[in-house]
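In what follows, a single structure is set out as structure tokens and then discussed.
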Amino acid sequence: MTDKMFNVGKIVNTHGIKGEVKVLRISDFDERFEAGGTLFIVKENKTPIELEIDSHRVHKGFDLLQFKGFDNISDVEHYKGAYLKITEDQLTDLDEDEYYYHEIIGCDVYLNSGEKLGVIKEILSPGANDVWVMKQDKGKDVLIPYIEEVVKQVDVEASKVIIEPMEGLLD
């Protein structure tokens, strides 16, 4: 197993009494949660535990997962708050202009003029497009919609994003 692992979900609660867990998804890839797939559960810097997905369904905006061999609420309740991860080998090849969250988070954000605005600290997926949360050196966080009109260039090698803010974005 590689050392690098990437978050694809967080167990936020149990669901029912038969060992299902309620997962907040941190991935755009539905296939990550298909039955028969493998995920790793990591809790508080402990050794990752490999789990096989037995079943998956979506309920009220959350993914409900059941893992093979976990048939009771007491098997899973101590995993509340734990992250579900994949290894680097499990990453999917992306198309041009598509990025993994871990490639974007931590990137510096600049205007076309070269002025540095802040750093991407989080990515939200509320609907039609992702929203990148930028922490400024001073002032409150800025929400940057990941759309062509705003995000002009992404250079993950240089850890740099260039934006052209729409009116009111930086106010």
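A short reminder: the numbers here are calculations on the coordinates, not readings from a lab. Predicted model, so just to flag it, every value in this text is computed and none were measured. Cβ: placed from backbone, ideal geometry, glycine included. Neighbour counts: every protein chain shown.
For the reader, a short list of remarks on this structure follows.
- Between residue 110 and 117, 161, 162, 163, the built amide H atoms are under 5 Å apart, and every one of these is 5 or more places off in sequence or on another chain.
- Helical mean residue ellipticity (222 nm; -39500 (n - 2.57) per DSSP H run of 4+; nearest 500) of the chain: -500 deg cm²/dmol
- Model label zone, residue 54; criterion: amide N under 16 Å from point 7 Å along Cα-to-beta-carbon; scope the range 5-32: 14-22
- Using a Förster distance of 22 Å, the FRET efficiency for residue 94-residue 155 (Cβ separation, nearest 0.05): 0.90
- Approximating the spin labels as points 7 Å out from Cα along Cα→Cβ, the residue 140-to-residue 103 distance works out to 3.2 nm.
- The GluC sites (Glu not before Pro) of the range 89-171 meeting both criteria, a DSSP state outside H, G, I, E and B (loop) and at most 16 other C-beta atoms within 10 angstrom of the site's C-beta, are 96, 98, 115, 148, 149, 157, 167.
- Residue 17-residue 80 pseudo-label distance in nm [points 7 Å out on the Cα-to-Cβ vector]: 1.7
- For the range 109-145 and the range 18-78, distance of Cα centres in Å: 30
- Put in order of Cβ neighbour count within 10 Å, fewest first, the listed residues 84, 124 become 124, 84.
- Which listed pairs, of 4/140; 4/46; 60/140; 4/85; 18/68; 22/135, have C-alpha distances above 20 Å, in listed order: 4/140; 60/140; 22/135
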